[in-house]
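Accompanying notes for the structure given below.
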Amino acid sequence: MAEVFYSQRRLAGGVHPPEHKRESSERPIRAAPLPRHLFVPLRQHVGNAATVRVTAGERVRRGQRIGEGEEYVSAHVHAPASGVVRAIAPHPMPTASGLTEPCVVIEPDGGDEWEQMPPWPDWRSRSAFDLRSRVREAGIVGLGGAAFPTAVKINPRTGVHTLLLNAAECEPWISCDDRLMRERSAEIVVGAAILMRCVGAAECLIGIEDNKPQAVAALAAAIDGWDGPEPFRIGVVPSLYPSGTEKLLIDLLLGIRIARHTRASTHGIIGQNVATAAAVYRAVVRGEALTHRIVTVTGPAVREAGNFEVALGTPFADLLDAAGGLSAPTERLLMGGPMMGVAIPDPRAPVIKASNCLLALPRSALAPAVLAPEAHDPCIRCGACAEACPVGLLPQQLYWHARAGQHEQAEALELMDCIDCGACAWVCPSKIPLVQYFRYAKGQVWEREAGRLAAEQAQNRHQFRTERLARDKAEREAELARRRDALMATQGQDAQALIAAAQAKAKAKAEAQVAPQNPEPSPARPPPGGDANGGPA
Ligand code: SF4
Ligand code: SF4
């Protein structure tokens, strides 16, 4: 029987906004139709963009590598459907700025012809290195929204005892992981076992909130049906935002507090999202690269909210159509949930590997501070924000310093520990957009740090060059001295005359190089104070 335990630990802080999960969680996952064109970005992950490997006019098959993640922290990009590459062109991205990035534009042919990797149903006969390589081949990144290349994360430098499978999905409105667990729990369990093999973990602990009883039951059933030797436990935590943050979940389930600047891996724990585990199963056992993901499409005005299996590169506008469109005007589209999601200014932006949710919000659902951030009430020093902060910060003081541009003081109050969860802003009675202030201040600190690092590197480069030149000069002089001594030893008095002649020749040559080649003033150059014709400059 699968071991299911209920954590008795509680978050310090946290909030409980209305969940709005049922709007999308009660329908089975549907396949979103392919759009007329897919816009597949070459950067859908943390790290360097992939290098394009196809050209316009080329036919591609689903799963074919179209972008090569050449750096260690990068990820390959694959064609999400068979069809023809129509262009490699900039296209709006799902970012707050809406800036464009290069995309491979594919016109699907509707044939769904695959280019698969060899399936490995016998994955146990493969080494951890082979399995990690397959994960890299498949272009898998963290599908919980972080989009960090998985092959890098499962190659830890230190020993790992626990694989933490994050199934908390604590943000309101989002239910893609819930549906995945209910419908594909066996895939998740096999994917987790493969990940355990990759990192050498002795146990897999699945962390999930208590508002997903069907998912807990489905996972428990899959674990009961699992015939492998890997031990699994399911740890249930109370539903409280943001308990799904990796470090907080580890604290809730294992009682381990992970300090700032410290990774979970230094405590022998590697975290992965459940959807990532399912993608690993498909890559290894079936030989399928990451071409699709599950996306929650929801919001008060979405006619048929639900979860969709979507080809990466599908424009958000097409995805909204797949969900029946909107029944009322929408003020804002968010990629992600209402607490940490990113506003998307252009609905032509495509679904990427990090897109877990498309949330369409009407004006009435947005806090006044979101619509007019500068129009909030003044801080009344109620202290509610400090009570809500799950990492023990003082948001009110941080706000004062961030607002005054006193970034060093904000840093001294651990600004950089802020996880952008938005719990403080959620409870603030004055509706101050605290997170925006913190994000801006953190951006300033990063910029300053980047400037400091660049200056330090430039100084190091200069020092290195000066030292190298001095070393070269010393070596040259030593070599000359050695040759002179050798000449003196063999030629005696004649050598002195030879050396004097050589020195005179070298001096004359150096002077000839320094002297101007054309001492006459150029007729085209205007004399000081006037142009070439003698007129005023
Ligand atoms: S956004 Fe930052 S300061 Fe506010 S509650 Fe979250 S961690 Fe604390
Ligand atoms: S919750 Fe808002 S009003 Fe209250 S102390 Fe914090 S910032 Fe000020």
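Just grab the label-to-label distance for Leu366 and Arg124, each label 7 Å out from Cα along the Cβ direction, in nm (one decimal).
5.5
Could you tell me which of the pairs Lys212/Lys431; Lys247/Lys353; Lys212/Lys247; Lys247/Lys442 are separated by over 27 angstrom between their Cα atoms in the structure shown?
Among Lys212/Lys431; Lys247/Lys353; Lys212/Lys247; Lys247/Lys442, the Cα-Cα distance tops 27 Å for Lys212/Lys431.
Each residue of region 43-55 in order: what ³J(HN,Hα) in whole Hz does its phi give by Karplus 6.51 cos²θ - 1.76 cosθ + 1.60, θ = phi - 60°, with x for Gly and Pro?
Along region 43-55, the couplings run 10, 10, 8, 6, x, 6, 5, 6, 8, 5, 10, 10, 10 Hz.
From the phi angles alone, apply the Karplus equation (6.51, -1.76, 1.60; θ = phi - 60°) to region 312-321 and give each ³J(HN,Hα) in whole Hz, x where the residue is Gly or Pro.
Once θ is set to phi - 60°, the couplings for region 312-321 become 4, x, 5, x, 4, 4, 5, 5, 4, 4 Hz.
Whole angstrom only: what separates the Cα centroid of region 239-285 from the Cα centroid of region 186-218?
11
Cross-link partners among lysines for Lys507, C-alpha distance below 30 Å, same-chain residues fewer than 8 apart left out?
Cα-Cα hits under 30 Å: Lys473.
How do 257-265, 313-321, 95-103 rank on mean C-beta neighbours within 10 Å, highest first?
313-321, 95-103, 257-265
Using the Cβ atoms and a cut-off under 11 Å, what net charge is assigned to the surroundings of Tyr241, where Lys and Arg are +1 and Asp and Glu are -1? Before the final figure, lay out the partial values.
Values: positive: none; negative: Glu19, Glu169, Glu171, Glu209.
That sum, taken over residues with Cβ under 11 Å, equals -4.
So how much slack lies between Arg9 and Thr55, counting 0.36 nm per residue of separation and subtracting their Cα-Cα distance, in nm?
11.1 nm
Let's see if you can work this out: charge +1 on each Lys and Arg Cβ, -1 on each Asp and Glu Cβ, no other charges. What is the dipole magnitude of the chain about its Cα centre, in debye to the nearest 20?
So the dipole magnitude of the chain works out to roughly 940 debye.
What are the ³J(HN,Hα) couplings of region 178-186, residue after residue, when phi is run through the Karplus curve with 6.51, -1.76, 1.60 and θ = phi - 60°? Round to Hz, x for glycine and proline.
Those phi angles translate into 4, 5, 4, 5, 5, 9, 9, 5, 5 Hz.
As I understand it, the dipole of the chain uses +1 on the Cβ of Lys and Arg and -1 on the Cβ of Asp and Glu, about the Cα centre. Which of Ala354, Leu42, Val280 lies farthest toward its positive end?
Result: Leu42, furthest along the dipole toward the positive end.
Hey, what's the chain come to in accessible area per residue, 1.4 Å probe, Å²?
Per-residue accessible area for the chain comes out at 49 Å².
Could you please put Lys505, Lys247, Lys473 in sequence from largest to smallest accessible area, using a 1.4 Å probe?
Lys505, Lys473, Lys247
Using the alpha-carbon centroid of each, what span in Å lies between region 391-408 and region 138-173?
30
If amide H atoms are built 1.01 Å from N in the plane of the peptide, which residues on other chains or at least 5 residues away come under 5 Å of the amide H of Arg332?
Excluding prolines and chain starts, which carry no amide H, the hits are Leu361.
How much length is gained on full extension from Asn48 to Arg448, taking 0.36 nm per residue of separation minus their Cα-Cα distance?
Using 0.36 nm per residue and subtracting the Cα-Cα distance, I get 141.8 nm.
Using a 1.4 Å probe, how large is the accessible area of Val391, given in Å² and rounded to the nearest 10?
50
The values are calculated or read from the model by the stated rules, or taken from the named source; none is laboratory data. Quick caveat: nothing in here was measured; it's all calculated off a predicted structure. All Cβ positions, glycine included, derive from the backbone under ideal geometry; neighbour counts span all protein chains shown. Calculation scope for accessible area: heavy atoms of the full protein, side chains included, ligands and nucleic acids excluded. Shrake-Rupley method; radii C 1.70, N 1.55, O 1.52, S 1.80 Å.
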